[in-house]
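Novice: Sharing a structure below in structure tokens format, with a few things to ask.
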Amino acid sequence: ITGIVCHILIGLSILATEVLAYIPMPVVWGFFLYLAVATVSGNDMWDRCLLVFTQAEKLPSNHYIRRVPIKKVHLFTLIQVLLFALLWLVKSNFYIPGSPVINAGLLVPLVVASFIPIRMYLMPRWFSKTELDALG
């Protein structure tokens, strides 16, 4: 089953809520786990995270790693992981005692919107246009 078929079936599941009530929750969670594992291959961020453990010489000659220094690739990946961690922290609805912000999970769209100026204005300070084009 491809990822697109899984997503279509998830969308169509709204039409079959009465039937889906009979499916045990472990089966549903197993399906979502399969969906996550099946779609992670080919994800650029995941591939760059694996690159930490892979020799650059083992990659094909047309791979972007041949055009970008490995330190720049690791810096780009580190920035992405830190931004992902920030998004996860906000999404997890943290609560700081004494803070006026009670439901920080509502700030997720603001955090996602803040990624745009980071990509447009901060990233070009650390990476050339060629490097940014190659890294995605």
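Novice: Given Cβ point charges of +1 (Lys, Arg) and -1 (Asp, Glu) and nothing else, what value in debye, to the nearest 20, does the dipole of the chain about its Cα centre take?
Specialist: It comes to approximately 560 debye.
Novice: Express the accessible area of the chain per residue in Å², computed with a 1.4 Å probe while the remaining protein chains stay in the model.
Specialist: Computed with neighbouring chains in place, this is 75 Å² per residue.
Novice: Mind pulling the angle between the C-alpha long axis of helix 70-91 and the longest principal axis of the chain? Nearest 10 degrees, somewhere in 0 to 90.
Specialist: Here the helix axis deviates by roughly 30 degrees.
Novice: Right, another one. Could you rank the peptides 17-29, 73-85 by their average count of other C-beta atoms within 10 Å per residue, with the highest value first?
Specialist: In descending order of packing, they fall as 73-85, 17-29.
Novice: Using helices alone, I'd like the mean residue ellipticity at 222 nm for the chain: each DSSP H run of four-plus residues gives -39500 (n - 2.57), total over residue count, nearest 500.
Specialist: -17500 deg cm²/dmol
Novice: Here is a follow-up. Residue 38 label point, 7 Å along Cα→Cβ, cut-off 16 Å on backbone N: hits in region 1-17?
Specialist: Residues 1-13 qualify, since their backbone N sits under 16 Å from the label point.
Novice: For the chain, compute the number of Lys pairs whose alpha carbons are separated by less than 21 Å, excluding pairs fewer than 8 positions apart on the same chain.
Specialist: The result is 4.
Novice: Here's another thing I want to ask about it. Translational D (Stokes-Einstein, µm²/s) of the chain at 20 °C and 1.002 mPa s when Rh comes from the Kirkwood sum over C-alpha pairs?
Specialist: It diffuses with D of about 116 µm²/s by this estimate.
Novice: Between residue 54 and residue 133, what is the label-point separation in nm under the 7 Å Cα-to-beta-carbon projection?
Specialist: About 2.3 nm, to one decimal.
The values are calculated or read from the model by the stated rules, or taken from the named source; none is laboratory data. All values derive from a computational prediction rather than experimental measurement. Here Cβ is always computed from backbone atoms with ideal geometry, including for glycine, and neighbour counts include all displayed protein chains. Just so you know, the surface numbers come from the protein's heavy atoms only, side chains and all, with ligands and any DNA or RNA stripped out. Shrake-Rupley method; radii C 1.70, N 1.55, O 1.52, S 1.80 Å.
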